[in-house]
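Before any comments, here is the structure.
The values are calculated or read from the model by the stated rules, or taken from the named source; none is laboratory data. What you see is a predicted model, and the numbers here were worked out from it, not measured in a lab. FYI the Cβ positions are ideal-geometry reconstructions off the backbone, even for glycines, and counts take in every protein chain you see.
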Amino acid sequence: MNSVEQLRKILKQGHSIAVVGLSAEWHRPSYFAAKYMQEHGYRVFPVNPRYAASGTEILGERCYASLLEIEQPVDIVDVFRRSEDVLPIAEQAVQIGAKCLWQQIGVTNQEADQLARQAGLDSVMDRCVKIEYARLFGGLNLVGVDTKIISAKRPL
């Protein structure tokens, strides 16, 4: 279990986030979270082999097939994948010298958590980086989705 102080430290000291499983589809949760964090000053590195193969950019950033391709420092590895897929991602996070393995809401791989902690990384499970940032630093509104996409106004 991560304390408020630990989460605040992770988000305050981290400046770059590799989002593993980031979708290019604007309505997907991974896109919402990455866009929000990018708008709040974080450098986002999309990691999704499906988009990397076609050269697709997501949120104006080059998409990578794996964490190992990123040539710049990564502070937080934010995982939007199934729990059973996280262990190899955790191994890559350790290999690239990331500071934190962050498993999104609904993602809990205890083995990956243990591996990350043993390697000296902070580890967070079953939490949304966007919601935690908004909760700890302001900006959390009704239902925690301040994307400016959802509106009661009808399109013109």
Which condition number in (1) free of Cβ contacts under 8 Å to residues at least 40 places away in the same chain; (2) among the hydrophobic types (A, V, I, L, M, F, W, C); (3) touching a Ser or Thr at 6+ places or on another chain (Cβ under 8 Å) is the one that A52 fails? (3)
Going residue by residue through region 3-15, is there one that turns out to be under 20 Å from V124 (Cα atoms), of a type in the set (G, A, S) and surrounded by fewer than 17 Cβ atoms within 10 Å (Cβ to Cβ)? yes
I'd like the full set of residues that are of a type in the set (A, V, I, L, M, F, W, C) and over 10 Å from the mean Cα position of the chain (by Cα), limited to region 1-46. M1, V4, L7, I10, L11, A24, W26, F32
Can you name the residue in region 93-106 that is surrounded by fewer than 22 Cβ atoms within 10 Å (Cβ to Cβ) and within 15 Å of the chain's Cα centre (by Cα) and, of all such residues, is modelled with the highest pLDDT? K99
Take the conditions out of contact with any Pro (no Cβ under 7 Å at 6 or more places or on another chain), within 19 Å of I10 (Cβ to Cβ), surrounded by 13 or more Cβ atoms within 10 Å (Cβ to Cβ) and small (G, A, S) and apply them to A52. Does it pass? no
